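These notes concern the structure reproduced below.
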Amino acid sequence: MEKYNINKKIYKSKEVAYLTFPLLEQFSFIVHGFSTRYGGVSSGIYQSMNFAFNSHDKKENVQENYRIFSEILGIDCNNMVLSSQEHGTNIKIVEKDDKGKGIKAPKDYNNIDGLATNISNIPLVAFFADCVPLFFADPARQVVGIAHSGWKGTAGKIAEKMVNVLCQAYKSKLSDIFVAIGPSIGPCCYEVGEEVAAFFSENVKKCKDDGKYIIDLWQANKNILTNAGIPETNIVCSELCTMCNKDMFFSHRGHKGRRGTMIGVIGIKGVI
């Protein structure tokens, strides 16, 4: 283990660096992790742990990165279900027959920025390179979820929509839902124009003189969750900015679009 605080742990294993959250580690039924740039086989602008099949990286490199990261987490990458993100707020309930979609079988869905399941041994995967990763877990109902929340997803309250899915589809209680907010572009770096700032009534601050605004997506998502009824004590934030730490993370802004893609993974443990 390289670094620890109450909100996150950063591990190094076989040159692979990844993050977990103590908030979620307390629940023994969960496996989860957030990748970094370290430990893969990709090269050039994708160095080295790139997970995007739709990039110009070699397919065999991306496949090997999935294999490496899955081995570290102790899961089978062939069982993963991958999101199909379009910066929306749609959430897919993942069933047994979805196993492997996006990794070994084609996806028969699109415009899915959130995934949820109560099925064991089907790790859920979403993609990130500045947008906010949201990890969800209900230990009482043994349900997990993951959501991709950029400014559009945050403005559309995908976090609240995930809470509603967990409560409606799985009968979760608000007091039983725990959420970890992963690395993303932070309020130190997320500068936007007035056209984006207009979608936010709070957690936005005008910069001096240049007509730009700073948005705090971490706090915005936390407020959405607490307003939806999640206890504040059930929420943690890694407080790691991907743009400030672009040596560790891929950052779309920090790398000016020339970059790979990280993944967040969460699943219910099962027999491989």
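With the range 124-188 as the region, which strands (runs of 3 or more DSSP E) entirely inside it contain at least 1 residues that are of a type outside the set (Asp, Glu) and free of Cβ contacts under 8 Å to residues at least 60 places away in the same chain? Spell out how you get there, then give the answer.
Working: elements: 124-128, 132-138, 143-149, 178-181.
Correct list: 143-149, 178-181.
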Of all residues in the range 188-208 being surrounded by 12 or more Cβ atoms within 10 Å (Cβ to Cβ) and of a type in the set (Gly, Ala, Ser), which is farthest from Cys241 (Cα to Cα)? Ala198
Being part of a helix (DSSP H, G or I) and either over 20 Å from Gly44 (Cβ atoms) or charged (D, E, K, R) (or both) is the filter here; which residues of the range 62-103 pass it? Glu64, Arg67, Ser70, Glu71, Ile72, Leu73, Cys77, Asn78, Asn79, Lys96, Asp97, Asp98
How do the pairs read when you match residues in the range 78-91 that are without any contact (Cβ under 8 Å) to a residue 40 or more places away in the chain and closer than 18 Å to Gly270 by Cβ with residues anywhere that are among the small types (Gly, Ala, Ser) and in a loop (DSSP other than H, G, I, E, B), using Cβ under 6 Å and keeping only pairs 6 or more apart or on different chains? Asn78/Gly100
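Under the condition of being of a type in the set (Gly, Ala, Ser) and part of a loop (DSSP other than H, G, I, E, B), which residue from the range 209-247 is farthest from Gly156 (Cα to Cα)?
First pass over the range 209-247, keeping only residues of a type in the set (Gly, Ala, Ser): 211, 220, 228-229, 238.
With part of a loop (DSSP other than H, G, I, E, B) added as a condition, the list becomes 211, 228-229, 238.
Values: Gly211: 24, Ala228: 13, Gly229: 17, Ser238: 22 Å.
Among residues in the range 209-247 that are of a type in the set (Gly, Ala, Ser) and part of a loop (DSSP other than H, G, I, E, B), the one farthest from Gly156 (Cα to Cα) is Gly211.
Residues of the range 39-61 being in a loop (DSSP other than H, G, I, E, B) and under 18 Å from Val125 (Cβ atoms), which ones? Outline the logic, then answer.
From the range 39-61, those in a loop (DSSP other than H, G, I, E, B) are 39-43, 47-58; that's our starting set.
Those that are in a loop (DSSP other than H, G, I, E, B) and under 18 Å from Val125 (Cβ atoms): Gly39, Gly40, Ser42, Met49, Asn50, Phe51, Ala52, Phe53, Asn54, Ser55, Asp57.
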Out of Lys59, Lys99, which single residue is over 17 Å from Ser35 (Cβ atoms), among the basic types (Lys, Arg) and touching a helix residue (DSSP H, G or I) at 6+ places or on another chain (Cβ under 9 Å)? Lys99
List the pairs whose first member sits in the range 97-123 and is on the phi < 0 side of the Ramachandran plot, whose second member is aromatic (Phe, Trp, Tyr) and not in a loop (DSSP other than H, G, I, E, B), and whose Cβ atoms are under 8 Å apart, counting only residues at least 6 apart or on separate chains? Ile103/Tyr66; Ala116/Phe136; Ala116/Tyr170; Asn118/Tyr170
Taking Phe53 as the residue in question, decide whether it is in contact with a Pro (Cβ under 7 Å, 6 or more places away or on another chain) and either surrounded by 19 or more Cβ atoms within 10 Å (Cβ to Cβ) or not aliphatic (A, V, I, L, M) (or both). no
Conditions (1) within 23 Å of Ala137 (Cβ to Cβ); (2) not in a loop (DSSP other than H, G, I, E, B); number of the one not met by Lys205: (1)
In the list Ile185, Ile158, Ile177, which residue meets the criterion of being buried (at least 19 other Cβ atoms within 10 Å of the Cβ) and under 17 Å from Ser251 (Cβ atoms)? Ile185
Pairs where the first residue, in the range 207-231, is of a type in the set (S, T, N, Q) and the second is assigned to a loop (DSSP other than H, G, I, E, B) and modelled with pLDDT of 95 or more, C-beta under 8 Å, 6+ apart: Gln219/Pro187
Which one is nearest to the chain's Cα centre (by Cα) among residues in the range 199-220 that are at pLDDT 95 or above and aliphatic (A, V, I, L, M)? Leu217
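In the range 171-226, which residues are polar (S, T, N, Q) and touching a helix residue (DSSP H, G or I) at 6+ places or on another chain (Cβ under 7 Å)? Full working, then the answer.
To start, the set of residues in the range 171-226 that are polar (S, T, N, Q) comprises 172, 175, 184, 201, 203, 219, 221, 223, 226.
The answer is Ser172, Ser184, Asn203, Asn221, Thr226.
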Go through the range 172-220 residue by residue and tally those that are within 21 Å of Asn7 (Cα to Cα) and among the aliphatic types (A, V, I, L, M). 8
Can you find even one residue in the range 49-69 that is in contact with a Lys or Arg (Cβ under 7 Å, 6 or more places away or on another chain) and farther than 19 Å from Ile146 by Cβ? no
Would you point out the residue of the range 20-48, among those that are in contact with a Lys or Arg (Cβ under 8 Å, 6 or more places away or on another chain) and closer than 14 Å to Ile146 by Cβ, that is surrounded by the most Cβ atoms within 10 Å (Cβ to Cβ)? Phe21
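The values are calculated or read from the model by the stated rules, or taken from the named source; none is laboratory data. This structure is a prediction, so every number in the text was calculated from the model and none was measured. Here the Cβ is made from the backbone with ideal geometry for all residues, glycine too, and neighbour counts use every protein chain on show.
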